[in-house]
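Here is the structure we will look at.
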Amino acid sequence: GLGFGRRIAAMGKLLNLLVASVMPVLKILIITALGLFLAVDSVDILGMDARKHLNNVVFFVFSPALIASNLAKYITLKNVVMLWFMPLNILFTFIVGSLLGWVLIRITDAPHALRGLVLGCCAAGNLGNMPLIIIPAVCKERGSPFGDVDACYENGLAYGSLSMAIGAVYMWSYVYNIMRLYSSRSSDGPKFEALAIATSFATDTLEGLSKGHSGPLLPLAKSAASEGHTEFELVPMTSEHKDKVPFLEKLKQGIQIFGTMFNLRRLFAPSTIGAIVGFAVGMIPHLQGLLVGDKAPLRVFQDSASLLGDAAIPAVTLVLGANLLKGLKGSEVRLPVVAGIIMVRYVALPLTGVVIVKSAVHFGFVQRDPLYQFVLLLQFALPPAMNIGTMSQLFGTGESECSVILLASYALASVAVTIWSAIFMWLVA
């Protein structure tokens, strides 16, 4: 009888874990479904233009505000030193994902134009919104193994914010350049649409305009010119002028071309700048005392940033849902490619994650805080990053294919992320 009682208790605990892990994913799916509904032609609240504008607001305002305000509030010099393994862990998710993506491309012989997209989807998980929704929600659930709700909530937000900040840096330095290289090989060059033009900071535009009349800028990509995108026209040079191009001018052009190839300013996407500001405030106690807390004299700035940041997750999730409409209308992407990406993200990566994190704990690289270990494990079991959709829009390659992949991944996330969350909680409890 005692054994049976224990079994029932264990089953009850497992059921509690499943409920604790399914709730956050359900929240994401409900908001995604709402976004999809708002994009339907008959409703047309989140049409193509509305999505672009909302995407821009998220990219430039909401995301940086969310990252900066959370880091400023929850990150201190002490816990940054404790959390040193997290950037390394996230780097492992990107590297292992890329290698598995490369194997997938070899097996399925994916079309060249889609290879950057496949690598991006395998490498980059949704390290921002998902952990920031899942971790606090798991803390609040009754069956969670993480102890005191308030302490769990606060630490969880610190871990989630750090995860989002580091993910954004890797995303715009590593994945962005992989996708750009493949898209520029498959077409005449990236189509810089509204988002791309906006992202290059205003200073560059002014600089370009002031130099436009005096010297040669980069030649226009043919596709950009023919498709009517707003680009700077170049003043044609006479042959007499061409002969006089000095060595320094050529060097400058070479540096410009190199700068375009490895688009370094994307590294300083607004999210990255938000992360830098947040770290600075969090790690300098005097600054944190001025801006953060009920008695801080300048708390109004932190509160305003928090208020803006709260809009980031709902807005991104609505846009994700709206973008899935394209996926529902169908595209050319082959089934083995989609199935392969799902296997990489929901089977191969989480298993690798268990090995990496458990080894790190065993060798003493990671402290024995169950919530911290749970976050490190969760980073291996997430659907592809929503920013992949933004990037495919940016380069104009594989937009509908990207929608199909994201639709399939997020539809399965409810099952996969729930099961892995329950397994991870059981492993760290």
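Observations on the structure shown:
- Some residue of the stretch 328-339 being open to solvent by 10 Å² or more (accessible area, probe 1.4 Å), farther than 30 Å from I45 by Cβ and in contact (Cβ under 8 Å) with a residue 24 or more places away in the chain: yes
- Pairs where the first residue, in the stretch 149-174, is without any contact (Cβ under 8 Å) to a residue 12 or more places away in the chain and the second is open to solvent by less than 10 Å² (accessible area, probe 1.4 Å) and not basic (K, R), C-beta under 8 Å, 6+ apart: V149/C139
- Residue among S392, S409, S421, S403 that is surrounded by 17 or more Cβ atoms within 10 Å (Cβ to Cβ) and touching a strand residue (DSSP E or B) at 6+ places or on another chain (Cβ under 6 Å): S409
- Residues of the stretch 383-408 that are under 11 Å from the mean Cα position of the chain (by Cα) and hydrophobic (A, V, I, L, M, F, W, C): A385, M386, I388, M391.
- Among the residues of the stretch 316-357, those identified as within 19 Å of N126 (Cβ to Cβ) and polar (S, T, N, Q) are T317, N323, T352.
- Cβ pairs under 7 Å, 6+ apart, first in the stretch 380-392 and under 20 Å from G160 (Cβ atoms), second assigned to a loop (DSSP other than H, G, I, E, B) and of a type outside the set (A, V, I, L, M, F, W, C): L382/N126; P383/N126; P384/N126; A385/N126; M386/N126
- Residue identified as buried (at least 16 other Cβ atoms within 10 Å of the Cβ), modelled with pLDDT of 90 or more and outside any helix (DSSP H, G or I) among L54, L46, L36: L46
Rundown of residues vs (1) modelled with pLDDT of 95 or more; (2) among the aliphatic types (A, V, I, L, M); (3) in contact with a helix residue (DSSP H, G or I) (Cβ under 9 Å, 6 or more places away or on another chain), yes/no style:
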position: G327; (1), (2), (3): no, no, yes
position: E332; (1), (2), (3): no, no, yes
position: V338; (1), (2), (3): no, yes, yes
position: M343; (1), (2), (3): yes, yes, yes
position: P350; (1), (2), (3): yes, no, yes
position: I356; (1), (2), (3): yes, yes, yes
position: P370; (1), (2), (3): no, no, yes
position: F380; (1), (2), (3): yes, no, yes
position: N387; (1), (2), (3): no, no, yes
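- Any chance Q373 is within 17 Å of G156 (Cα to Cα) and open to solvent by 10 Å² or more (accessible area, probe 1.4 Å): yes
- Summed over the stretch 89-116, the residues that are open to solvent by less than 10 Å² (accessible area, probe 1.4 Å) and under 16 Å from the mean Cα position of the chain (by Cα) give a count of 6.
- Just one of the numbered conditions (1) assigned to a helix (DSSP H, G or I); (2) buried (at least 23 other Cβ atoms within 10 Å of the Cβ); (3) among the aromatic types (F, W, Y) is not true of F380: (1).
- Of all residues making up the stretch 37-69, the number that are within 16 Å of D310 (Cβ to Cβ) and not hydrophobic (A, V, I, L, M, F, W, C): 3
- Close pairs (7 angstrom Cβ cut-off, 6 or more residues apart or separate chains): under 19 Å from D369 (Cβ atoms) and in contact (Cβ under 8 Å) with a residue 12 or more places away in the chain in the stretch 81-103, open to solvent by less than 60 Å² (accessible area, probe 1.4 Å) and outside any helix (DSSP H, G or I) anywhere: M82/Q367; F85/V366; N89/Q379; I90/L127; I90/Q379
- When the stretch 281-317 is limited to residues that are buried (at least 19 other Cβ atoms within 10 Å of the Cβ) and out of contact with any Leu (no Cβ under 7 Å at 6 or more places or on another chain), the one that is modelled with the lowest pLDDT turns out to be V316.
- Looking across R368, R345, one residue alone is of a type in the set (K, R) and either surrounded by 22 or more Cβ atoms within 10 Å (Cβ to Cβ) or assigned to a helix (DSSP H, G or I) (or both). It is R345.
- Within the stretch 117-135, the residues that satisfy the criterion of being more than 11 Å from Y176 (Cα to Cα), more than 11 Å from the chain's Cα centre (by Cα) and open to solvent by 10 Å² or more (accessible area, probe 1.4 Å) are L132, I133.
The values are calculated or read from the model by the stated rules, or taken from the named source; none is laboratory data. Not measured: the values here are computed from a predicted model. FYI the Cβ positions are ideal-geometry reconstructions off the backbone, even for glycines, and counts take in every protein chain you see. Heavy atoms of the whole protein, side chains included, go into the accessibility calculation; ligands, DNA and RNA do not. Shrake-Rupley method; radii C 1.70, N 1.55, O 1.52, S 1.80 Å.
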